[in-house]
Amino acid sequence: MSARGLITGEDGRQRCAWHGNLEDYRRYHDEEWGRPVTDDRRLFEKICLEGFQSGLSWLTILRKRESFRSAFSGFDFDAVAEFGEADIERCLADPGIVRHRGKIVSTINNARRAKELRSEFGSLAAYFWAHEPDGSERPEVVDYETLIANPTTPASVRISKDLKKRGWTFVGPTTVYAFMQAMGLVNDHLEGCFCREGIEEMRRQFARPTT
């Protein structure tokens, strides 16, 4: 470990240490985590999978992600919104996913709520990016101590409260903040991680969706 929260890989690059140099987890860190996302299916998938992750490690969910996609129609929320009891039972019998009835039911409920959100805002992307925190809410330096001390933020609390008012479930502030980090609403690659500046540039060039 070259600095607190950072690790140096075999390629000599410094990265956030949480991937532990596991190949699939490192690839997720390098190629996905923190990059701005506007695709509604990916946004819906991620917020649902963060709900499934509660009480587990994200690596567990990541390694089951393809099975989740198969079980939930590629996270097409129009399709998932039509799921009924037979689909719940099918999911409960699927060893490839986390077989938790409450979280399965929550995903179906949230698909219905996602349709409502899209009707109101034009897309899930427009809704979530409208809640992107401004610079006054962001730390001056993104380091290990800051992230450990702040598992939630004012923005994640606001989004969580609003989603719950709209009938979403399994969307607590910690879950929402993990979603924000992964989908690029914030850049929480640590100072010193080789990904950080590249993602900062992506965010500078990124056109925020409005519909």
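The values are calculated or read from the model by the stated rules, or taken from the named source; none is laboratory data. The structure displayed is predicted, hence computed values, not measured ones. Backbone-built Cβ (ideal geometry, glycine too); neighbour counts: all protein chains shown. These accessible areas exclude ligands, DNA and RNA; they are computed on the full protein's heavy atoms, side chains included. Shrake-Rupley method; radii C 1.70, N 1.55, O 1.52, S 1.80 Å.
Evaluated against (1) open to solvent by 70 Å² or more (accessible area, probe 1.4 Å); (2) closer than 22 Å to ARG42 by Cα; (3) of a type outside the set (Gly, Ala, Ser), GLU140 falls short on exactly one condition, (2).
Condition (residue is open to solvent by 70 Å² or more (accessible area, probe 1.4 Å) and more than 16 Å from GLN181 (Cα to Cα)) applied to the range 104-111: is it met by at least one residue? I'd like the intermediate steps shown before the answer.
Our first condition is that a residue be open to solvent by 70 Å² or more (accessible area, probe 1.4 Å); within the range 104-111, this holds for none.
Within the range 104-111, not a single residue is open to solvent by 70 Å² or more (accessible area, probe 1.4 Å) and more than 16 Å from GLN181 (Cα to Cα).
Checking PHE83, PHE77 one by one, the residue that is open to solvent by less than 40 Å² (accessible area, probe 1.4 Å) and within 21 Å of the chain's Cα centre (by Cα) is PHE77 and no other. Considering only the range 167-180, I want to know if a residue exists there that is open to solvent by 10 Å² or more (accessible area, probe 1.4 Å), of a type in the set (S, T, N, Q) and part of a helix (DSSP H, G or I). Taking every residue of the range 167-180 in turn, at least one turns out to be open to solvent by 10 Å² or more (accessible area, probe 1.4 Å), of a type in the set (S, T, N, Q) and part of a helix (DSSP H, G or I). In the set ALA149, ALA178, ALA182, ALA126, only one residue is more than 15 Å from the chain's Cα centre (by Cα), hydrophobic (A, V, I, L, M, F, W, C) and under 28 Å from ARG69 (Cβ atoms); that residue is ALA126. Screening LEU62, LEU6, LEU49, LEU43 for residues that are surrounded by 14 or more Cβ atoms within 10 Å (Cβ to Cβ), of a type outside the set (Val, Ile, Thr) and touching a strand residue (DSSP E or B) at 6+ places or on another chain (Cβ under 9 Å) leaves exactly one candidate, LEU6.
For ARG65, the test of being out of contact with any Cys (no Cβ under 9 Å at 6 or more places or on another chain), in a helix (DSSP H, G or I), over 26 Å from HIS19 (Cα atoms) and touching a residue at least 12 places away in the same chain (Cβ under 8 Å) is failed.
I'd like the full set of residues that are without any contact (Cβ under 8 Å) to a residue 40 or more places away in the chain and not in a helix (DSSP H, G or I), limited to the range 68-105. Within the range 68-105, PHE72, ASP76, ALA81, GLU82, PHE83, GLY84, ALA93, ASP94, PRO95, GLY96, ARG99 meet the criteria. When each of ILE97, ILE148 is tested for being buried (at least 18 other Cβ atoms within 10 Å of the Cβ), among the β-branched types (Val, Ile, Thr) and more than 22 Å from ALA207 (Cα to Cα), the lone residue that passes is ILE97.
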